[in-house]
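Single-structure report; data block below.
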Amino acid sequence: MRFKLFLALTFGFLLLLPVAAQDYKTVDDFFEDIPSLNGELQSNEVILPKPADFLIKDGNVLVEIILDDGSLKDFYFSIENSRIVGVSEGKSEKFLYRISTNEETANSILVSEDKAESILSHYKNKGIKIKAFGFGNKIKLSFAKIFLNID
């Protein structure tokens, strides 16, 4: 269970953080609330848990959701000194990691009672994909996968 939690926090923290305190039913509900979430991040310090801060200390992490109609919606988190300092709709110019999923998977996570377990299950079933950019980040991600014996 400890490794499952580590994995869910490490790879799912970007999907989990914004939905943990809110009760969204759909991806559209989440995207409508991004400005409010960004305001909360500006006023409340959110420190990455230790496993996740191994992967990223400074930079942007992009989350892409392929909608049922084939279009793409994205948002990204800005991280400074292992703290999430903002969330914005759209695609940042530079990002260190990209998390990709589809609308059905994202909606499933949003309505799940156990979001961490849902993220883990979808990741294992290839419903969530993570790609690192930059040599160092690729090494970190590979190390995390080997350490956790996944993929």
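The values are calculated or read from the model by the stated rules, or taken from the named source; none is laboratory data. Remember, predicted model here, so these are calculated numbers, not experimental data. Heavy atoms of the whole protein, side chains included, go into the accessibility calculation; ligands, DNA and RNA do not. Shrake-Rupley method; radii C 1.70, N 1.55, O 1.52, S 1.80 Å.
Averaged over its residues, the range 46-109 has an accessible area of 47 Å² per residue, based on protein heavy atoms and a 1.4 Å probe.
Size descriptor for the range 62-151, Kirkwood hydrodynamic radius: 14.3 Å (Cα pairs only, one decimal).
Here the accessible area is traced with a 1.4 Å probe on the protein chains. For the range 37-151, carbon and sulfur cover 51 percent of it. Need the list of aspartates and glutamates near residue 94 for cross-linking: C-alpha distance under 20 angstrom, and skip anything on the same chain fewer than eight residues off. Within the straight-line limit of under 20 Å, residue 94 reaches these aspartates and glutamates: 53, 58, 64, 74, 80.
Whole-Hz Karplus values for the range 61-76 come out as 10, 8, 10, 10, 10, 7, 6, 4, 7, x, 7, 10, 10, 9, 8, 9 Hz, taken residue by residue from phi with 6.51 cos²θ - 1.76 cosθ + 1.60 and θ = phi - 60°; glycine and proline positions read x.
For residue 83, nonlocal amide neighbours, meaning residues 5 or more places apart or on other chains whose placed amide H falls under 5 Å from its own, are 48. Residue 28 contributes an accessible area of around 70 Å² to the protein surface, as traced by a 1.4 Å probe with all chains present.
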